[in-house]
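First up is the structure itself, then whatever we jot down about it.
Derivation of every value follows stated rules applied to the coordinates shown; laboratory data play no part. Just so it is clear, the model here is predicted, and its values are computed rather than measured. Note: ideal-geometry Cβ built from the backbone for every residue, glycine included; neighbour counts use all protein chains shown.
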Amino acid sequence: MIDFWLAAGLLLLVALSFLLIPVLRGRRAQLEEDRTALNVALYQERVAELQAQQEEGVLNAEQMDAGRAEAARELLADTEGVEAPRVSRLGKPLPLLAAILVPVLGLGLYLHFGASDKVELTREFAQAPQSMEDMTRRLERAVAAQPDSAEGLYFLGRTYMAQDRPADAAKIFERTVSLAGRQPELLGQWAQAQYFADGKKWSDKVQALTDEALKTDPKEVTSLGLLGIAAFEGERYQDAIDYWNRLLVQLPPEDPSRVALQGGIAKAAEKLEASGGKVAEAPAAKAVAALKVRVDLAPDLKAKVQPGDSVFIFARAISGPPAPLAAKRLTVADLPATVELGDADAMMPQLKLSNFPEVQLVARISRAGQPTAGEWIGRSQPLATSTTAPQKLTIDSPDK
C-alpha cells in the first residue's frame, strides 16, 4: 500500500507544480522589474549630474549630448532581455489557495469514492493466510467491500460453518440466496446452518428449505445428508439409512467422506436391529455411468502438433444440450492416454452421463487452449452410456 501512496504523492506534486510555477514566475518578474527601476533611477541621476555640470560651464552642449547618449546606452544594456511585465488577473492568493485545496479535496474525494480498501484486499489475498481466523477476517472485509458478491458470501458462510458458527452462517447463506437465487445447493447449505444454529432441533423452516432443494434437485447432497442426520437424532433409523444410501450413490468412489457415511449407515442399522426393527432392503441403485476411452493421435499428425497443445476429451449427448456432459483436459505430450469419463466429471450437476441414453465421444486439439475450437478433432459413433467395454478414439481430422 505504501508504493500506491508514493505514486499518488508524486502525481500530486506534478499537479501542484502547474499551480505554483506561475507564482514563482511572478516573483522572478518582480525582481526584474525592481532591477529595471533601479537602472532608470541611476540614468536619471546621471543626466541630472550632466545638466548641473553644463550649467556650471564645465561641459559644453556637445559634451552634454555625448554624456547623455552614453548614459542611455548603459541603461539599454542593463535592461536588455528583460521581458515586459505580465499582468495577472487571478492575483497571487488564488494559486496559493488552490495549491492547498487541491490535495485536500483530492484526498477527500478518493477516500469517499475511491477503492483503497479493495486495493488493500487484493494485496492481502495475494498472500497465503496464516490461520483460519486470518482467512475469516479477509472474507469479512471482502464482503463488506463487495456486499453484492454472492460468491464472497458463500465462501464466508462455509468458513463460518468450519468454525462452528452456524448462526452467523445461516444469516450469510440467507443473504446469498437472496442474491444468487434459490439454488438447491444454497438452500441445502442454509438449511444445514439453520438446523445447527437451532441446537439440532428440526423446524418447519428447515423442512421447507430441504423440501424445496430436493424438489428442484432430488440428488442435492447437503439436504440428503442433513435429513439423514435429523432422522438419526430422532431415532428414525430406517429413514436415516434411506437418506444416507441416496447420498452414497451421489459420491464418487474416491470421495473420503464415503467411509464416514458408510459407518453412519452401519450404526443406524445396528440401532434399528437393537430396537427390534429390521433393516429394509434398499432399492437397486441406478448404475453410475462411466466410459473408458483410449485417445491417440493419427501418425500423420504427429509432426504437425506441439507437445504443449491442449487436448480436450468429452462426451456429448446425442439427443440433448450441446454442452459437454463430462470432460477432461490433457496435452499432446500425454498421448496416447486412457481416461474415464463419468458422472463425477459432469460439467453441471443436472447434466450427467447417467441422465442420457446415448453420447458421442470427442477429442479436440486446441493450440489456443479453447475447448470449443481447435485445429484437429476425432469423433466416435453414437455410444450407449451403459457401455462397459473400453473405447478407442483417434484424432485424425481437421477441426472445421
Inset, instruction - Return Thr385, Thr216 ranked ascending by Cβ neighbour count within 10 Å, so the fewest neighbours appear first. - result: Thr216, Thr385
Inset, instruction - Identify all lysines with a Cα-Cα distance to Lys352 below 25 Å; exclude those on the same chain that are fewer than 8 residues away in sequence. - result: Lys215, Lys219, Lys286, Lys292, Lys328, Lys392
Legend entry - Separation in nanometres of the label points that stand 7 Å from Cα toward Cβ, at Ala266 and Gln183: 3.6
Inset, instruction - Give, in nm to one decimal, the length gained when the segment between Ala280 and Asp164 is fully stretched (0.36 nm per residue of separation minus the Cα-Cα distance). - result: 38.3 nm
Legend entry - Relative contact order %, the range 290-398, counting alpha carbon pairs below 8 Å whose residues are six or more apart: 35
Legend entry - lysines with Cα under 18 Å of Lys304, excluding same-chain neighbours fewer than 8 positions away: Lys400
Inset, instruction - Would you mind estimating how fast the range 264-400 diffuses translationally, via Stokes-Einstein at 25 °C and 0.890 mPa s with the Kirkwood radius over Cα pairs, in µm²/s? - result: 147
Legend entry - Given charges at beta-carbon only (K, R positive; D, E negative), |dipole| of the range 290-398 in Debye: 40
Legend entry - Exposure proxy ranking, count of Cβ atoms within 10 Å, fewest first, for Phe356, Phe173: Phe356, Phe173
Inset, instruction - With a/c under 1.5 counting as rounded, go ahead and sort the range 148-274 into rounded, prolate or oblate using the C-alpha gyration tensor (a ≥ b ≥ c being the square roots of the eigenvalues; past the cut-off, prolate if a/b is larger than b/c, else oblate). - result: prolate
Legend entry - Sequence of Ile318, Ile313, Ile229 once ranked by neighbouring C-beta atoms within 10 Å, starting from the fewest: Ile318, Ile229, Ile313
